[in-house]
1. Would you mind finding the one in Gln88, Gln84 that is closer than 30 Å to Glu35 by Cα, of a type outside the set (Phe, Trp, Tyr) and at pLDDT 80 or above?
2. Which numbered condition in (1) modelled with pLDDT under 90; (2) farther than 30 Å from Ala24 by Cβ is the only one that Arg70 fails?
3. Mind telling me which of the residues His45, His38 ends up being out of contact with any Leu (no Cβ under 8 Å at 6 or more places or on another chain), in contact (Cβ under 8 Å) with a residue 24 or more places away in the chain and not small (Gly, Ala, Ser)?
4. Go through the range 56-112 and give me each residue that's in contact (Cβ under 8 Å) with a residue 12 or more places away in the chain and either aliphatic (A, V, I, L, M) or in contact with a Ser or Thr (Cβ under 6 Å, 6 or more places away or on another chain) (or both).
Amino acid sequence: MFLDYFALGLLIFVALVMFYGIIAIHDIPYEIAKEREHPHQDAIHYAGWVSLFTLHALWPFLWIWATLWRKDRGWGFQQIQNEQVLLQSQITKMETQIQLLQTELTALKQHAPPQQPMNPASQNKNNDEGNQ
């Protein structure tokens, strides 16, 4: 009779440990999200509870979702945004330089005396004299 009660107690203990163990496991993505200050903490937590009814089929996706966010870099696109801002400032600077060079070139063309185009015969003559 003692073994019957012992076996029943052991079964109840194992069932309780499994029940609370599953609940603790399903909450891991939420704990990760909470630690990282994820903007979708509540959604991850609720999806974890829904995952209990789907036998944790959603759980790996919740883990990935929770680990994608970091407080220091967000979704990981912060560096790309910083690079885009830097590139945009460089483009603006280059456009300003191009405008300045174009105005200087226009001013030089207006003040320079018109040059006579050289005919090819005189050009060859000048080249021959320079080679000797």
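1. Details: Gln88 fails: closer than 30 Å to Glu35 by Cα.
Gln84 is the lone residue from the list that is closer than 30 Å to Glu35 by Cα, of a type outside the set (Phe, Trp, Tyr) and at pLDDT 80 or above.
2. Just one mismatch for Arg70, condition (2).
3. Matching residue, one of His45, His38: His38.
4. Hits for the range 56-112 are Trp59, Leu62, Ala66.
The values are calculated or read from the model by the stated rules, or taken from the named source; none is laboratory data. Note that the coordinates shown come from a computational prediction; the quantities given were computed from them, not determined experimentally. Using ideal geometry, Cβ is built from the backbone for each residue, glycine included, and neighbour counts are taken over all protein chains shown.
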